[in-house]
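Remarks on the structure that follows.
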Amino acid sequence: MALVPRIVDSGSPAQSLHGYHAVDRLCGSGTLTAFKKQYRMVDDYPLQHTGRSDSMDIMRCYALVKRAVSGSDVADYATLDIRAELHRAVDSAPEFAATRSYFEQQKYEITDVPNLGQEAYFAYGDEPTSSDQTFHDINHYLQVRDGGMTYSLYWTDNYQVGKNTTLDRETVRRAMLDDTRDILKAIGGS
């Protein structure tokens, strides 16, 4: 009898999907109520796609949003990029841990989020965008894993010191949490 080499071993078995299921319109399944209090969707957004396969379903929603800046004719544009994956063939935990390690290596500020999935965290970065240190990109990530379901909400904006502002950090975090809970409930989470 021949032995099959370990390269055929798929590693840890997949975890339960905990009732999550694929939907055709990820942003349409949740209302994005918290972000819509701050912004309005730009025409032709959000862009939504779902791909299904035996090993993994991927749902994605990308939106360009804007808000009026008080006392100015300038609009503040930001982006939302939301992705949920249902892993049926492999354990999602190692890749989820690797993503966290990436953020740590990039010197993002990491904050654990209790009572959301099996594990969840925020990754936050505020970086100058060029040689002019007054221009900054703000990046907020909310990463969630619940069994075989992984979820990411990425919000980004920018500002120039002394010229314009962006939403304060706590307002963004609260909106990310509220809308994430709404979306995860809509795709079958508890």
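The set of residues in the stretch 37-64 that are open to solvent by 70 Å² or more (accessible area, probe 1.4 Å), more than 18 Å from VAL23 (Cβ to Cβ) and in a strand (DSSP E or B) contains only ARG40. In the stretch 74-100, which residues are under 16 Å from the mean Cα position of the chain (by Cα) and small (Gly, Ala, Ser)? Passing the criteria: ALA78, ALA84, SER92, ALA97, ALA98. Among residues of the stretch 143-190 being of a type in the set (Lys, Arg) and open to solvent by 40 Å² or more (accessible area, probe 1.4 Å), the one that is nearest to TYR124 (Cα to Cα) is ARG169. I'd like to check something: does the stretch 65-74 contain any residue that is modelled with pLDDT of 95 or more and either not β-branched (Val, Ile, Thr) or not in a strand (DSSP E or B) (or both)? No; the residues of the stretch 65-74 include none that is modelled with pLDDT of 95 or more and either not β-branched (Val, Ile, Thr) or not in a strand (DSSP E or B) (or both).
Pairs meeting the criteria (first residue in the stretch 33-50 and within 14 Å of TYR62 (Cα to Cα), second residue among the charged types (D, E, K, R) and exposed (fewer than 13 other Cβ atoms within 10 Å of the Cβ), beta carbons under 7 Å, at least 6 apart or on different chains) are THR50/ASP24. Look at (1) of a type in the set (Lys, Arg); (2) more than 16 Å from the chain's Cα centre (by Cα); (3) under 21 Å from LYS37 (Cβ atoms) and you find that LYS107 fails only one, number (3). For the stretch 156-190, filtered to residues that are assigned to a helix (DSSP H, G or I) and of a type in the set (Asp, Glu), the residue that is nearest to LYS36 (Cα to Cα) is ASP179. Summed over the stretch 2-19, the residues that are at pLDDT below 75 and either in a helix (DSSP H, G or I) or surrounded by 12 or more Cβ atoms within 10 Å (Cβ to Cβ) (or both) give a count of 3. Criterion first (part of a helix (DSSP H, G or I) and among the small types (Gly, Ala, Ser)) does ALA123 satisfy it? No. Of all residue pairs spaced 6 or more apart or on separate chains, those with beta-carbon atoms under 6 Å, a first member in the stretch 117-128 that is surrounded by fewer than 16 Cβ atoms within 10 Å (Cβ to Cβ) and a second member that is modelled with pLDDT under 95 are ASP126/HIS136; ASP126/ILE138; GLU127/ASP137; PRO128/HIS136. Just one of (1) open to solvent by less than 10 Å² (accessible area, probe 1.4 Å); (2) in a helix (DSSP H, G or I) fails for HIS140. It is (2). Being in contact with a strand residue (DSSP E or B) (Cβ under 6 Å, 6 or more places away or on another chain), at pLDDT below 95 and not acidic (Asp, Glu) is true of ILE138. Restricting the stretch 75-112 to residues that are of a type in the set (Phe, Trp, Tyr), surrounded by 13 or more Cβ atoms within 10 Å (Cβ to Cβ) and modelled with pLDDT of 95 or more leaves a set whose member that is nearest to GLN15 (Cα to Cα) is PHE96.
Checked against the criterion of being surrounded by 14 or more Cβ atoms within 10 Å (Cβ to Cβ), at pLDDT 90 or above and assigned to a loop (DSSP other than H, G, I, E, B), the candidates ALA34, ALA22 yield just one match: ALA22.
The values are calculated or read from the model by the stated rules, or taken from the named source; none is laboratory data. Quick caveat: nothing in here was measured; it's all calculated off a predicted structure. When we count neighbours, we look across all protein chains shown, and the Cβ atoms used for this are built from the backbone with ideal geometry, even at glycine. Side chains are part of the model used for accessible areas, which takes the heavy atoms of the whole protein and leaves out ligands, DNA and RNA. Shrake-Rupley method; radii C 1.70, N 1.55, O 1.52, S 1.80 Å.
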